[in-house]
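The values are calculated or read from the model by the stated rules, or taken from the named source; none is laboratory data. Given the structure is predicted, the values throughout are model-derived calculations rather than measurements. Heads up, the Cβs are rebuilt from the backbone with ideal geometry, glycines too, and the neighbour counts pull from every protein chain shown. Side chains are part of the model used for accessible areas, which takes the heavy atoms of the whole protein and leaves out ligands, DNA and RNA. Shrake-Rupley method; radii C 1.70, N 1.55, O 1.52, S 1.80 Å.
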Amino acid sequence: RILLVDDEEAVVDMARQILSHLGYEVVGLTSSEKALELFHQDPSQFDLVITDQTMPRITGLELAREVLRICPDLPVILCTGFSDIVTAEEAKLEGVREYVFKPIVTAELADTIRRFIRQADRNDRAETAARTRVRYQFSQARSTASVALTTKAGRAWVSRPALMVSSRSVSCTS
């Protein structure tokens with residue numbers, strides 16, 4: 001899900017249509033304040049933030065700073081027509097992943113989004129694998145080997161058909 005923020009309604013509508021056509025779920029807002037309020041409600045609902053730099057009250061870079069303070073790994077794309085206020089280097093030092101000049105080329109934006117979403121998927125899989133813990137418990141009294149596998153989601157799993165699976169453990173009797 002993409003959070004798209006630009007103070008120009010026509011830009012939000014056009015970008016929402018393009019990104020929706022590409023298969024993304026888009027929440028488009030014309031107020032950076034409302035975007036920040038929505039983001040605070042549930043930061044996990046967004047996979048990516050695309051924001052214009054020049055907006056009233058809260059600039060795109062200020063929005064990006066707050067978003068990244070809450071979710072440091074969330075990709076943020078900062079768009080600008082012209083900005084002498086912030087350079088690409090300054091934006092990237094703040095954690096912005098991509099600095100894009102308007103007018104935005106759809107194919108380039110689509111490639112950038114795909115790259116960030118793919119990277120996020122790879123990071124999620126790596127995190128799940130790293131958090132998977134395997135414990136072996138051997139009960140000598142019964143000569144039973146009990147193996148408990150716990151994933152991030154708290155599910156038990158096994159790939160050997162000779163093992164019996166319960167909701168919390170996997171056991172093999174000899």
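Let me confirm something: among Leu74, Leu3, Leu19, which residue is under 20 Å from Ile117 (Cα atoms) and assigned to a strand (DSSP E or B)? Quick ask: steps written out before the conclusion?
On the way: Leu74 fails: assigned to a strand (DSSP E or B); Leu19 fails: assigned to a strand (DSSP E or B).
When all the criteria are applied, what remains is Leu3.
Please work out which one of (1) open to solvent by 40 Å² or more (accessible area, probe 1.4 Å); (2) among the aliphatic types (A, V, I, L, M); (3) touching a Ser or Thr at 6+ places or on another chain (Cβ under 6 Å) is the condition Leu38 fails and give its number.
Looking at each condition in turn, Leu38 falls short on (3).
In the set Pro56, Pro103, Pro75, Pro43, which member is open to solvent by 20 Å² or more (accessible area, probe 1.4 Å) and within 18 Å of the chain's Cα centre (by Cα)?
Pro43
I'd like the residue in the stretch 10-35 that is without any contact (Cβ under 8 Å) to a residue 24 or more places away in the chain and among the hydrophobic types (A, V, I, L, M, F, W, C) and, out of all such residues, is least open to solvent (accessible area, probe 1.4 Å).
Per the criteria, the residue is Val12.
Does Leu63 satisfy the criteria of being outside any strand (DSSP E or B) and open to solvent by less than 30 Å² (accessible area, probe 1.4 Å)?
So Leu63 passes the test.
Among the residues of the stretch 91-108, count how many are assigned to a helix (DSSP H, G or I) and without any contact (Cβ under 8 Å) to a residue 24 or more places away in the chain.
So the count comes out to 4.
Just checking, does the stretch 30-38 include any residue being at pLDDT 95 or above and in a loop (DSSP other than H, G, I, E, B)?
Within the stretch 30-38, one or more residues are at pLDDT 95 or above and in a loop (DSSP other than H, G, I, E, B).
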